[in-house]
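One structure below.
Just so you know, all these numbers are worked out from the coordinates, no wet-lab data involved. Bear in mind the structure is a predicted one, so any value in this text is a computation, not a measurement. Because the Cβ atoms are built from the backbone with ideal geometry, glycine has one as well, and the counts that use them run over all protein chains shown.
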Amino acid sequence: MDGEDFERQQPPGRAPSIEPIAPAVLQDQVAVVTGGGRGIGRTFALALAAAGAVVAVTGRSRDDLDGTVGQILAEGGRATAALLDVIDRQGVENGLLELERRLGRVDLLVNNAGVWGPIDNLWDADPEEWWRTMEVHVGGAFNCCRVVLPGMIRRGAGRIINIVSNAGVHRWPTCSAYSVSKAAVVKLTENLAVEARSRGVAVFAFHPGLLEIGLGEQAIQMQATPGSAADRAAAWIRSEFAAGRSVDPKRAAESLVALASGRADGLSGCYLTVVDDLQALQARADQIQRDGLLTLRLRDA
């Protein structure tokens, strides 16, 4: 990994302001956030609860999940948790269906669970770790979507927000598992959005920016052999933080709540980032959809 490959890909840390969100914009809606026990998943869960949603967080650590639920309850919100691993298809089905039985429905799914995966040249990367990254990002999103979609389709309403990265729309050498899997999730979003559009379900691919929590924090703290691919990757991410190109997690959460509110449903299927002016893009939604903008496409030679 080197800066020439990456420095043009991260959105600037200062994002444009967005139109204020009404405090109860998601009142009584049920939102599921995978990987909601810590990092940006916890921030998303807190923001959704503050907007009035009943939030269900999922993850593999009971302590982390209890921490998120406890914080939401302490702030006057409503929350519950389900212990599950997104790559376990049967576990996901059992866990999410149980949540639906307890909460009544799922209005919003945020596919946030993620891992870095191996950081190395492809030929040196651990094959099992590389493929597990695909299973977490692509398989996890697939497993969760297929459980909640039937209910959304029956009701003719629902939203899915897949958390992605600029790594999925630009090359990230030595981080191929992360990059390829995020690209696949972007494309999954595009296809699912078209399939579900006539059923009243909106689907977004959302890049929250470079964050100093979650995977970003892991990169800062990464201990790697000096000069190795992982060491260079960590050094580049630290340099981005030092240059002020990170994003406030609360700002990312504001954008996510805006998408969850329905104010940008005309952009279903699009790749959106924390620095996008959603109001301006929504005003151009017909053109964006007609011309296939904000999607992964080949450029003419």
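Observations, loosely collected:
- Order of Leu97, Leu26, Leu192 - criterion: other Cβ atoms within 10 Å of each residue's Cβ, fewest first: Leu97, Leu192, Leu26
- Antiparallel bridges, percent of DSSP beta bridges restricted to the chain (to nearest 5): 0
- Overall size of the stretch 45-135 from C-alpha positions, given as principal axis extents largest first: 50, 26, 22 Å.
- Computed extension length for Arg199-Ser228: 5.6 nm, one decimal, from 0.36 nm per residue of separation with the Cα-Cα distance subtracted.
- Shape analysis of the stretch 139-298 yields a ratio of the Cα radius of gyration to the Kirkwood radius, Rg/Rh, of 1.01.
- The chain - Rg (one decimal) and Dmax (whole number), Cα, Å: 18.3, 56
- Size of the stretch 127-200 from its Cα atoms: along the principal axes, largest to smallest, the extents are 43, 23, 14 Å.
- Counting charges near Leu296 (Lys, Arg +1; Asp, Glu -1) among other residues having Cβ under 10 Å from its Cβ returns a value of +1.
- To the nearest ten degrees, helix 229-242 and the longest principal axis of the Cα atoms of the chain are 70 degrees apart.
- Each principal axis of the stretch 66-215 carries a Cα extent, and these read 47, 39, 29 Å when sorted largest first.
- The chain: angle of helix 140-155 to the longest principal axis, Cα-based, in degrees nearest 10: 20
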